[in-house]
Amino acid sequence: MKTVAALLCLFSAQAERFEVVVGLPHRDSAGLEQAFWEISDPSSPRYLQFLSIEETAALIGAPDSAVKTATEWLQQLGAEPGSVRLSNLRDTLTAAFDDNNHAGQVGGDLWSSAGLPLQASHPLPFDFVIRRDNTPPTHLHNLRKQSSHAQGLGYDVENQKKAYGIPVSLSATNPNGLQMVWGPGTFGYSLSQLKRFKQSQCPLLNLDKVKFDTQNHGEPGGDNYGEGNLDTQMISAFGLNVTTLVSNTNTSSSTEEGKGFGAALLDFLTELPSRPDLPQVLSLSLGSLSAFSCDWLVKKAVEKGQDASEVEKYLQQQRQVCMFMSQEQAGRINAALQVLGVRGVSVFGSSGDGGSHFSFQEFDDTPIGQVLNSVSCSYQMPVFPTASPYLTSVGGTVWQFPDPDSKPIAWSGSGGGFSWQFKASPHQNTSVSNYLSSTTGLPPAASFNALGRAYPDVSAVSVDGTSQSSPTMAGIFSLLTDMRLSAGLPPLGFLGPRLYKTMEQFPGEAFQDITDGNTKTSCDNGFPAAKGWDPVTGWGRPVWSGIVKHFATDNQLATLVHNV
């Protein structure tokens, strides 16, 4: 794998102490992939037999020779004595450096102008090399609307639970349940806002159960701060009384809206599964167009007469549009998600707010923006990480009328489509094939990859965007996990194979089908909603009684496997 080098902050000559994280190549990538799918497949003898830290390290951990070589290299670079540490999974090495001792000097023989070790000096083909600087966020942009939950239209927590059939007072009782939301930059939450939310919408919310897991508590005024407040409120309201970790592992400005985000996400997802105490459920609301989509935008814009460097510069000036460095980086993030899966974590991701064409909305009316709008409407542009085959993608719904008893329909911005880079997994084949073969009004065949990973998988209310629906769904599955733990059952891990087998054999029981909607947004083509799975809302919105029947216990597994 090509080494992915990344800077987790805008390099500053004033940064005195920093860390370098080296991603060691996995020992057995094919074995990891195989273990992930076997552990996730109800028909496999290994189903739900999650791996311990030691078992995972034996599968992916670097050999002693590679660890020794990489350690010596970091020491030669000037790592502080005794600072080099190997992760519990033996897949990363982290070392501390001090600029006052001339480590990381710009323009030297070993360091690049970006403050990273030159790739030519690498003694091994590392998966990635990341620099961590403790740099506070600057140039804050508060562009995300403040979470409203549209109370005036009846979208408060009580009515949402009513729509799904969830008892309003249902709370977790098992002390071992753990759920998490994550984001970088200014991501965090306000205790005073959470208290007001508790008072106005969720009186049973246990404030003592909501905690930070780092010293980074967010920065009011930043775009991701509003995101963090929404995530925290939704997951703690729907996963009532489950211990909630709010995690921000990097506060630098480059992670807020630019390509530093991809590095921060990779760093977090790689570190998380090495922890002895893992969340059973993780929600990732942030993301952007995939690296493939951004590469494609640049390529097609150049074909229309634009300069590649100007287009790339323009894209980096847009809010959360292209936040991944490369397709190789996306591939390594997928590997990290596989590790989380074999360790027993269910990961949920927002499907995006720009239908099947945009990250959020169309580009501006500048010459470059006009060209990019034309390209974007000519193709379906998947986002990431939600288009990863290794997490559960959550789309968005609203009510047809301002009444929770009215018919649910797709939210107009609900992201969906097919990955260009990652192929569909076998558990999707039947339902996706049925959709493509029986649905009229599809986009032009050349505008999407019909063999790619199809998304979303499920949906929930997203009046505040799919950044609302993902933590909502995560909280719901935390309650299911609570029931499982109390019954002596393991958590669910990656849901994909079980979810699709359940919905194919018991349609409508666990999720209510939604047949109104389209992903076209402001373009003239998109994916229409249809009966069964579709790339607008997936299988639809939760039906609590059915989810409990099919996911809170394993009583239906024998039937599920027998009918395969």
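The values are calculated or read from the model by the stated rules, or taken from the named source; none is laboratory data. Just so it is clear, the structure is predicted and the values come from calculations on it, not from any experiment. Neighbour counts are summed over all protein chains in view; Cβ atoms, including those assigned to glycine, are modelled from backbone coordinates with ideal geometry. Side chains included, ligands, DNA and RNA excluded: accessible areas come from the protein's heavy atoms. Shrake-Rupley method; radii C 1.70, N 1.55, O 1.52, S 1.80 Å.
Which pairs have Cβ atoms under 7 Å, sit 6 or more apart or on different chains, and link a residue in the range 69-88 that is over 16 Å from Asn100 (Cα atoms) to one that is hydroxyl-bearing (Ser, Thr, Tyr) and part of a strand (DSSP E or B)?
Qualifying pairs under 7 Å: Arg85/Thr94.
Taking only pairs six or more apart or across chains, which ones have beta-carbon atoms under 9 Å, a first residue in the range 204-218 that is among the acidic types (Asp, Glu), and a second residue that is open to solvent by less than 90 Å² (accessible area, probe 1.4 Å)?
Asp213/Met180; Asp213/Leu245; Asp213/Val246; Asp213/Ser247; Asp213/Asn248; Asp213/Thr249
Hey, any hits in the range 523-534 for a residue that's acidic (Asp, Glu), at pLDDT 95 or above and not in a helix (DSSP H, G or I)?
Checked the range 523-534: at least one residue is acidic (Asp, Glu), at pLDDT 95 or above and not in a helix (DSSP H, G or I).
Just to verify a result, which residue in the range 481-520, among those that are of a type in the set (Asp, Glu) and open to solvent by 30 Å² or more (accessible area, probe 1.4 Å), is farthest from Glu38 (Cα to Cα)?
Step one: filter the range 481-520 for residues of a type in the set (Asp, Glu), giving 482, 504, 509, 513, 516.
Those left that are additionally open to solvent by 30 Å² or more (accessible area, probe 1.4 Å): 504, 509, 513, 516.
Values: Glu504: 20, Glu509: 25, Asp513: 28, Asp516: 35 Å.
It comes out as Asp516.
Being open to solvent by 20 Å² or more (accessible area, probe 1.4 Å), more than 27 Å from the chain's Cα centre (by Cα) and of a type in the set (S, T, N, Q) narrows it down to one residue among Gln370, Gln421; which is it? Let's see the steps before the verdict.
Details: Gln421 fails: more than 27 Å from the chain's Cα centre (by Cα).
Result of the check over Gln370, Gln421: Gln370.
State all residues of the range 339-367 that are buried (at least 24 other Cβ atoms within 10 Å of the Cβ), on the phi > 0 side of the Ramachandran plot and touching a helix residue (DSSP H, G or I) at 6+ places or on another chain (Cβ under 9 Å); if no residue qualifies, say none.
Gly352
Tell me which residues, restricted to the range 35-90, are of a type in the set (S, T, N, Q), over 30 Å from Pro426 (Cα atoms) and over 26 Å from the mean Cα position of the chain (by Cα). Please lay out each step first, then the result.
Applying the first criterion (of a type in the set (S, T, N, Q)) to the range 35-90 yields 40, 43-44, 49, 52, 56, 65, 69, 71, 75-76, 83, 87-88.
Now narrow it down to the ones that are over 30 Å from Pro426 (Cα atoms): 65, 69, 71, 75-76, 83, 87-88.
Correct list: Ser65, Thr69, Thr71, Gln75, Gln76, Ser83.
If you scan the range 373-390, which residues turn out to be open to solvent by less than 20 Å² (accessible area, probe 1.4 Å), out of contact with any Pro (no Cβ under 9 Å at 6 or more places or on another chain) and of a type outside the set (Gly, Ala, Ser)? Spell out how you get there, then give the answer.
Our first condition is that a residue be open to solvent by less than 20 Å² (accessible area, probe 1.4 Å); within the range 373-390, this holds for 375-376, 380-389.
Of the ones still in play, those that are also out of contact with any Pro (no Cβ under 9 Å at 6 or more places or on another chain) are 375-376, 381-385, 387-389.
Result: Val375, Met381, Pro382, Val383, Phe384, Pro385, Pro389.
Answer with yes or no whether Asp99 is at pLDDT 80 or above, of a type in the set (Asp, Glu) and touching a strand residue (DSSP E or B) at 6+ places or on another chain (Cβ under 9 Å). Break it down stepwise before answering.
Values: at pLDDT 80 or above: no; of a type in the set (Asp, Glu): yes; touching a strand residue (DSSP E or B) at 6+ places or on another chain (Cβ under 9 Å): yes.
The answer is no for Asp99.
Which residues, taken from the range 337-361, are in a helix (DSSP H, G or I) and touching a strand residue (DSSP E or B) at 6+ places or on another chain (Cβ under 9 Å)?
Our first condition is that a residue be in a helix (DSSP H, G or I); within the range 337-361, this holds for 337-343.
Residues satisfying the conditions are Leu337, Leu340, Gly341.
Identify the residue in the range 259-290 that is buried (at least 24 other Cβ atoms within 10 Å of the Cβ) and more than 30 Å from Ala58 (Cα to Cα) and, among all such residues, is modelled with the lowest pLDDT.
Gly260
Would you check if there is a residue in the range 393-406 being within 15 Å of the chain's Cα centre (by Cα) and closer than 26 Å to Val561 by Cα?
There is at least one residue in the range 393-406 that is within 15 Å of the chain's Cα centre (by Cα) and closer than 26 Å to Val561 by Cα.
Only one of these conditions is not met by Ser388: (1) under 25 Å from Glu271 (Cβ atoms); (2) outside any loop (DSSP other than H, G, I, E, B). Which number is it?
Result: Ser388 fails condition (2) only.
Go through the range 13-47 and give me each residue that's aromatic (Phe, Trp, Tyr), closer than 28 Å to Gly496 by Cβ and open to solvent by less than 20 Å² (accessible area, probe 1.4 Å). Give the steps one after another, and end with the answer.
Step one: filter the range 13-47 for residues aromatic (Phe, Trp, Tyr), giving 18, 36-37, 47.
Filter again for closer than 28 Å to Gly496 by Cβ, leaving 36-37, 47.
Passing the criteria: only Phe36.
Looking only at the range 391-418, which residues are buried (at least 22 other Cβ atoms within 10 Å of the Cβ), among the aromatic types (Phe, Trp, Tyr) and outside any strand (DSSP E or B)?
Trp411
Answer yes or no as to whether Gly228 is among the small types (Gly, Ala, Ser), assigned to a helix (DSSP H, G or I) and either closer than 30 Å to Thr173 by Cβ or free of Cβ contacts under 8 Å to residues at least 60 places away in the same chain (or both).
Values: among the small types (Gly, Ala, Ser): yes; assigned to a helix (DSSP H, G or I): yes; either closer than 30 Å to Thr173 by Cβ or free of Cβ contacts under 8 Å to residues at least 60 places away in the same chain (or both): yes.
Taking the combined requirement at face value, the residue satisfies it.
The rows are residues; the columns are (1) in contact with a helix residue (DSSP H, G or I) (Cβ under 6 Å, 6 or more places away or on another chain); (2) open to solvent by less than 10 Å² (accessible area, probe 1.4 Å); (3) farther than 26 Å from Ala30 by Cβ; (4) in a loop (DSSP other than H, G, I, E, B).
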residue	(1), (2), (3), (4)
Leu51	yes, no, no, yes
Ser65	no, no, no, no
Thr69	no, no, no, no
Ala95	yes, yes, yes, no
Pro123	yes, no, no, yes
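For the range 434-455, which positions are among the hydroxyl-bearing types (Ser, Thr, Tyr), in a helix (DSSP H, G or I) and loosely packed, with under 13 Cβ neighbours inside 10 Å?
Within the range 434-455, the subset among the hydroxyl-bearing types (Ser, Thr, Tyr) is 435, 437-440, 447, 455.
Still in the list and also in a helix (DSSP H, G or I): 435, 437-438, 447.
Matches in the range 434-455: Ser437, Ser438.
Could you say which residue among Ser462, Ser467, Ser478 is over 16 Å from Val398 (Cβ atoms) and at pLDDT 95 or above? Outline the logic, then answer.
Working: Ser462 fails: over 16 Å from Val398 (Cβ atoms); Ser467 fails: over 16 Å from Val398 (Cβ atoms).
Sole residue among the options that is over 16 Å from Val398 (Cβ atoms) and at pLDDT 95 or above: Ser478.
Quick check on my filter: what residues within the range 258-283 are assigned to a loop (DSSP other than H, G, I, E, B) and of a type in the set (D, E, K, R)? Explain how you work it out, then say what you get.
Quick first cut of the range 258-283, residues assigned to a loop (DSSP other than H, G, I, E, B) only: 258-259, 275-280.
Listed by number, the residues that qualify are Lys259, Arg275, Asp277.
Of all residues being open to solvent by 40 Å² or more (accessible area, probe 1.4 Å), touching a helix residue (DSSP H, G or I) at 6+ places or on another chain (Cβ under 9 Å) and assigned to a helix (DSSP H, G or I) in the range 152-195, which is farthest from Asp208 (Cα to Cα)? Just the residue, please.
If we take residues in the range 152-195 being open to solvent by 40 Å² or more (accessible area, probe 1.4 Å), touching a helix residue (DSSP H, G or I) at 6+ places or on another chain (Cβ under 9 Å) and assigned to a helix (DSSP H, G or I), then Gln193 is farthest from Asp208 (Cα to Cα).
In the range 291-331, which residue that is basic (Lys, Arg) and in contact (Cβ under 8 Å) with a residue 24 or more places away in the chain is most open to solvent (accessible area, probe 1.4 Å)? Steps first, answer last, please.
Initially, the range 291-331 is screened for residues basic (Lys, Arg), giving 299-300, 304, 313, 319.
Restricting the remaining residues to those that are in contact (Cβ under 8 Å) with a residue 24 or more places away in the chain gives 300, 304, 319.
Values: Lys300: 36, Lys304: 115, Arg319: 54 Å².
Here the residue is Lys304.
Of Leu170, Leu205, Leu143, which residue is modelled with pLDDT under 90, of a type in the set (A, V, I, L, M) and in contact with a Lys or Arg (Cβ under 9 Å, 6 or more places away or on another chain)?
Numbers: Leu170 fails: modelled with pLDDT under 90; Leu205 fails: modelled with pLDDT under 90.
When all the criteria are applied, what remains is Leu143.
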